[in-house]
Amino acid sequence: GGLVQPGKPNLVIDEAHNLPARAMDYYSPSLSVFTLEKMREDVGHIPRKYRRETLDLITDCINVVKSCAVPGATKAQQIHPPSDVFLAQDFELKNFLVTYLASDVDIQPRDVVMRLSFYWSEFTAALEYVKADEKNRFFTTYSPNPPTVKITCCDASEMLKDGYNEYKQVMAFAATLKPCEFYSQLS
């Protein structure tokens, strides 16, 4: 037997007043051309045979982000992101990652191919929530300087509720959960 027990575990959350903001932050990723450009600097650390394709993928990612630009805008603007373009790029990145990982490459800490793939897929995972959003819990903006697409989650309570279903009981503690009704709805 050991420690294996049947049924769902219990979940205890301490400092629960931080949970709504942390959950909203988790579902609020961004893609920045600045970050993608910085990744170019690390391509020299991967095997030569993967460098050209990695650089091309970074360029493609940059172009997808820039394709969201609002003509003439000089400040952040709300947009409806072209989900299909982001998901198609995610597919390309994942295919390359599979090939890369299946090769004999020795993966180093902070590997640029892994970082690029995970950076992009974090965004596209949240984009799936945006596509299914019927209650205006999310909005997406494009900022021109540096070119950045950001998803902002305004209410993560549905995602938290789905997560709670994995537990038998959920107990939350905090010294600052007032007004209680408000935090109850957010959490």
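The values are calculated or read from the model by the stated rules, or taken from the named source; none is laboratory data. Predicted, not measured: the structure shown is a model, and the values here were computed from it. FYI the Cβ positions are ideal-geometry reconstructions off the backbone, even for glycines, and counts take in every protein chain you see. Each accessible area value is taken on the protein alone, full model and side chains, heavy atoms only, with ligands, DNA and RNA left out. Shrake-Rupley method; radii C 1.70, N 1.55, O 1.52, S 1.80 Å.
Points to keep in mind about this one:
- Among the conditions (1) over 30 Å from Arg137 (Cα atoms); (2) touching a residue at least 60 places away in the same chain (Cβ under 8 Å); (3) touching a helix residue (DSSP H, G or I) at 6+ places or on another chain (Cβ under 7 Å); (4) not hydroxyl-bearing (Ser, Thr, Tyr), Val33 misses just one, which is (1).
- In summary, Asn63 fulfils each of the numbered conditions (1) closer than 30 Å to Asp155 by Cβ; (2) of a type outside the set (Lys, Arg); (3) not in a loop (DSSP other than H, G, I, E, B) with the single exception of condition (1).
- When the stretch 150-187 is filtered for residues that are of a type in the set (S, T, N, Q) and modelled with pLDDT of 80 or more, the ones remaining, listed by number, are Thr152, Ser157, Asn165, Gln169.
- Residues within the stretch 1-47 that are charged (D, E, K, R), assigned to a helix (DSSP H, G or I) and modelled with pLDDT of 95 or more, tallied: 3
- Identity of the residue in the stretch 117-147, within 16 Å of Glu37 (Cβ to Cβ) and under 12 Å from the mean Cα position of the chain (by Cα), that ends up least open to solvent (accessible area, probe 1.4 Å): Trp120
- Top-ranked residue in the stretch 11-53 [being in contact with a strand residue (DSSP E or B) (Cβ under 7 Å, 6 or more places away or on another chain) and of a type outside the set (A, V, I, L, M); ranked as surrounded by the most Cβ atoms within 10 Å (Cβ to Cβ)]: Tyr27
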